[in-house]
1. Just to be sure I understand, if you calculate volume of the Cα convex hull per residue in Å³ for this structure, which of [x] 148; [y] 157; [z] 120 do you get?
2. FRET efficiency for Thr86 and Ala153, Cβ-Cβ distance as r, R0 = 22 Å, nearest 0.05?
3. Among Glu277, Glu385, which comes first, second and so on when ranked by fewest other beta-carbon atoms within 10 Å?
4. Report the Cα centroid-to-centroid distance between the stretch 235-267 and the stretch 281-343 in angstrom, as an integer.
5. Cβ under 14 Å from Gln267's Cβ, Gln267 left aside: what net charge do those residues give with Lys, Arg +1 and Asp, Glu -1?
6. In nm, what is the difference between 0.36 nm times the number of residues separating Asp412 and His303 and their Cα-Cα distance?
7. Tell me which residues come under 5 Å, amide H to amide H, from Gly27 once H is placed; ignore anything under 5 positions away on its chain.
8. Order of 356-368, 62-74 by packing, highest average Cβ count within 10 Å first?
Amino acid sequence: MTTTDAPDGVASDRSTTAPVLASYAAGSLGTGAFGTLPGLVLAYYLTDSIGVAAAVATVLVLVPKVIDVLAYPLIGAVSDRASHRTGYRTGLMLFGALALPLLFVATFAAPTGWSTGASGVWVMGFFLLASIAYSCFQVPYLALPAELTDDAAARVTILAWRVAVLAAAILLTGGGGPAIRDAAGGGPGGYLLMAVGVSALMLVGMLWATFVAGRRTVTRADAPAGGLAHEYRDGLDALRVTRPFRLLVGVFCLQAVATAVMLAGGQYVATYILGDETALTGLFLALVGPALLVMPLWTRLAHARGKVAALGTSTALFTAAALLLIPAGLAPGAWVHLPVALAGVAYAGMQALPMSMLPDCTDLDRELGGRRRSGAMSGLWTASETGAMALGPAVVLTLLAIGGFRSGGVADQPGTAHWAIVLAFSLVPAILAGASLLMIRSLGRSYDRWTERT
């Protein structure tokens with residue numbers, strides 16, 4: 001292993017100092033905001049503010065993410081080259097930190113005088129560019145824990161800090177963003193003001209992570225095995241060679257789709273089931289707020305019982321909480337906040353635990369493949385996450401189209417549309433999370449065999 005001005009045995013100590021922990025976690029102010037707010041309001045922005053039909057909005061949301069999925073492994077390969085050459089991944093991180101806030105604002109700045117179709121294309125184009133800028137930061141950012149320390153326990157601490165800040169970012173932007181929009185009177189002006197405020201938060205967090213944690217790595221990627229095309233395939237090769245990585249990606253994707261569907265359905269539940277557009281803030285606070293409180297408990301459980309066992313517990317809890325929301329189709333009311341809060345407790349573990357296992361899988365892949373390729377693996381991880389998160393709004397919009405949902409803010413919706421909203425918020429996430437439990441059992445056997453050996 002190559003080190004950068006750090007003696008052997010120091011990696012763990014340096015990685016868990018407060019400045020490094022805080023700076024690495026700060027990057028989640030940007031990734032959390034971009035990973036959450038579009039999934040929460042973009043579909044609703046297209047259907048209710050611009051007036052795009054639900055079926056068309058599905059395409060506009062999904063197409064940029066399909067392109068991004070193809071681009072992310074390339075960004076991972078470029079990141080690995082930079083790490084091998086300089087020991088740092090900060091070049092791409094800085095570009096993403098500067099470009100993403102501007103492109104995020106542009107996404108919610110569709111010209112009001114244009115036709116519905118032209119405005120929809122504007123949103124799709126800038127959302128695509130914003131997603132690519134996001135990946136330029138996110139891919140090298142995810143590779144950092146494997147290069148900040150070799151200590152698996154220290155990685156749990158690093159990722160726990162990150163997910164705690166991630167939960168705070170989601171809470172601030174997911175709850176505060178729509179609140180800013182509503183306070184500004186909604187409509188195009190409200191969305192634009194929301195985007196400007198959230199972008200400022202993104203910029204601060206991502207620059208902090210770039211200039212502090214990004215410059216504290218103690219290992220670097222190994223020499224590339226071939227050209228850029230070969231490196232592009234590195235992530236897929238790691239998926240083939242390293243079974244725990246393959247299973248972990250599968251689990252994380254299923255769970256990402258489950259949470260993305262719930263997030264995308266939240267605004268529709270607030271408006272058409274609870275009868276109050278502003279109720280989204282309360283639902284979002286109920287989902288994310290508990291994560292800030294229980295994160296230390298998931299960390300302790302991971303240390304006591306193992307990461308895979310803790311992940312299984314959190315997933316089972318989320319599945320049960322989602323099923324408890326089905327009766328909202330018959331008796332909507334404030335009671336829905338309780339199972340949503342229970343899902344929020346589980347959500348904290350479902351976020352932190354898989355990410356804490358990703359650097360461990362990077363180590364195993366290096367042992368099997370002979371070299372470290374953190375960027376390629378984090379590129380594939382980000383591509384998988386992005387594709388999964390994009391499916392959330394797409395699934396909700398597809399269900400709405402099947403249920404006969406009427407776009408344009410029409411208050412009187414058919415009963416089939418109401419049930420489509422409820423089931424998207426409850427049964428669909430439960431089925432997806434429940435399916436991931438089956439993969440977690442296989443992951444436990446494979447992952448535990450390797451960790452016991454090391």
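Just so you know, all these numbers are worked out from the coordinates, no wet-lab data involved. What you see is a predicted model; the values in this text were computed from it and never measured. Glycine also receives a Cβ, built like all others from the backbone with ideal geometry; neighbour counts cover every protein chain displayed.
1. Recomputing volume of the Cα convex hull per residue in Å³ here gives the entry labelled [z].
2. 0.20
3. Fewest-to-most Cβ neighbours within 10 Å comes out as Glu277, Glu385.
4. Answer, in whole Å: 18.
5. On the way: positive: Arg181; negative: Asp48, Asp182, Asp276, Glu277.
Summing Lys/Arg as +1 and Asp/Glu as -1 gives -3.
6. Numbers: separation 109, 0.36 × 109 = 39.24 nm, distance 5.11 nm.
Going from the current span to full extension adds 34.1 nm.
7. Ala209
8. 356-368, 62-74
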